[in-house]
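Read the structure below first, then the notes.
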Amino acid sequence: MARLWTSYVQSLESSPLATKSLTAGFLNGLGDFTQQIAFENRPYDALRTARQASWGALIPGPLLHFFYGGLARRFPGTSMKNVAIKIAADQTIAAPIIVTSFYWMTGIFQGMPLQEVKTKYLETFWPTMKLNYQIWPLAQAVNFAFVPVAWQVVYVSGVSLVWSVLLSAKNSENQSK
């Protein structure tokens, strides 16, 4: 286990974007897997998990790598003011982009017609953002105040394990309507 951890840390240092993207993908897939196995009373859908993992690797991993790096350069340090600015930026810029991309990408990956994806997105965006605001501001306060920049996407990916269970549940709830 120690060897695996050492390899991960080395990968994070040598290939930060790829490592963060793959971590986000893996943990989003694991969140969907957990949602399906633990909370749904239907057969496991591996393709759905693959869609969730793909979205995690393609959108939040790379987006947050660059976004958090930019925030750290523009608002360095962990003063209360800079942490508050980073949280506000995350919740008003990154969070809506991530939620929007989630519903559009998963709908497109499912082969839904674009009008149906749009309808689902419009019905689900604000309820999802309300759920987001119950979880992420506190998680991001910890992230921006205590987690080194190089590890922030990894930390968020860990919190996203729980978040992706909730997103997967919300997405699945809308599919069964």
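Throughout, read-outs are computed from the coordinates displayed, never taken from laboratory work. Please read all numbers here as calculations on a predicted model, not as lab measurements. Cβ atoms come from the backbone with ideal geometry, glycine included; neighbour counts cover every protein chain shown.
Return the equivalent ellipsoid semi-axes of the chain as a descending list in whole Å, where each equals the square root of 5 times an eigenvalue of the C-alpha gyration tensor.
28, 20, 14
Take the chain, connect every pair of alpha-carbon atoms lying under 10 Å apart with a spring to form a Gaussian network, then pick out the residue of 16, 60, 43 with the largest mean-square fluctuation.
Result: 43 has the largest fluctuation of those listed.
Residues with beta-carbon under 14 Å from that of residue 110, excluding residue 110: net charge, scoring Lys, Arg +1 and Asp, Glu -1?
+1
What residue among 121, 155, 133 shows peak mean-square fluctuation when the chain is described by a Gaussian network model with Cα springs under 10 Å?
Highest fluctuation of the listed residues: 133.
Go ahead and estimate [θ] at 222 nm for the chain from helices alone: -39,500 (n - 2.57) per DSSP H run with n ≥ 4, summed, over the residue count, rounded to 500.
Numbers: 8 runs with 150 residues, N = 177.
One gets -29000 deg cm²/dmol as the mean residue ellipticity at 222 nm.
Between 55, 126, 163, where does the largest GNM mean-square fluctuation fall for the chain, given springs only between Cα atoms within less than 10 Å?
It is 126.
Please give the residues of the stretch 82-106, grouped as numeric ranges, whose backbone N is less than 15 Å from a label point set 7 Å along the Cα-to-Cβ vector of residue 58.
Answer for this model: 98-106.
Roughly how many Å is it from the Cα centre of the stretch 127-149 to that of the stretch 45-119, as a whole number?
Rounded to whole Å, the Cα centres lie 13 Å apart.
Please state the relative contact order of the chain as a whole percent: Cα pairs under 8 Å, 6+ residues apart?
Numbers: 167 pairs, mean separation 54.8, N = 177.
Contact order relative to length: 31 percent.
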